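Here it is, the structure, as C-alpha cells.
The values are calculated or read from the model by the stated rules, or taken from the named source; none is laboratory data. Remember, it's a predicted structure, so these values are computed and weren't measured experimentally. A quick note on method: Cβ atoms are made from the backbone with ideal geometry, for glycine too, and the neighbour counts reach across all protein chains shown.
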Amino acid sequence: MGGLGAPEIILILIVFGGWFGFAAWGYYAGAKRTIGSAGGLLLGLFLGIIGILIVYCTRKIEDQQFYGFPPQSAADELQKYKQLLDSGAITEAEYNYKKAQILGR
C-alpha cells in the first residue's frame, strides 16, 4: 500500500504535461505579440488557459518597414515625381496621374 500505480502516474503526466504545454504555447504566442515570449511563457506556466487568453488579448507586433526605411510623406513622393518630370524620365500625364494618386483625388 502506498506506492504509485499506473493510473496515478498517468494522471500526474497529464496534469504536468498540460501545464508545460500551456507554457510552451504561451512562449510561442507571446513571441508574436508585444508581451514577448518570456511574458507569454510565465502567463502560460502560472495561469494556464487563462494566461493564454491574456497573451492573445495583447497587441500583435506590427510589421517592420522593409530595410527599416522611414515611410515617405506625400510631399517627398511629389518631389520625387517632379524631379523625374523635370529630367524627362516621365511625361506630364504620368506626373499628373501619380500626383492625383498620392493626394487621393
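This table checks each residue for (1) within 30 Å of ALA31 (Cα to Cα); (2) at pLDDT below 90; (3) exposed (fewer than 11 other Cβ atoms within 10 Å of the Cβ); (4) touching a strand residue (DSSP E or B) at 6+ places or on another chain (Cβ under 9 Å).
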| site | (1), (2), (3), (4) |
| --- | --- |
| ILE61 | yes, yes, no, yes |
| TYR67 | yes, yes, yes, no |
| GLN72 | yes, yes, no, no |
| GLU77 | no, yes, no, no |
| LEU84 | no, no, no, no |
| SER87 | no, no, yes, no |
| GLU92 | no, no, yes, no |
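Right, here's the next one. Considering only region 94-103, state which residues are within 35 Å of the chain's Cα centre (by Cα) and either outside any helix (DSSP H, G or I) or surrounded by 12 or more Cβ atoms within 10 Å (Cβ to Cβ) (or both).
Residues satisfying the conditions are TYR97, LYS98, LYS99, ILE102.
Consider GLY48 carefully, then state whether it is of a type outside the set (A, V, I, L, M, F, W, C), buried (at least 17 other Cβ atoms within 10 Å of the Cβ) and within 19 Å of the chain's Cα centre (by Cα).
no
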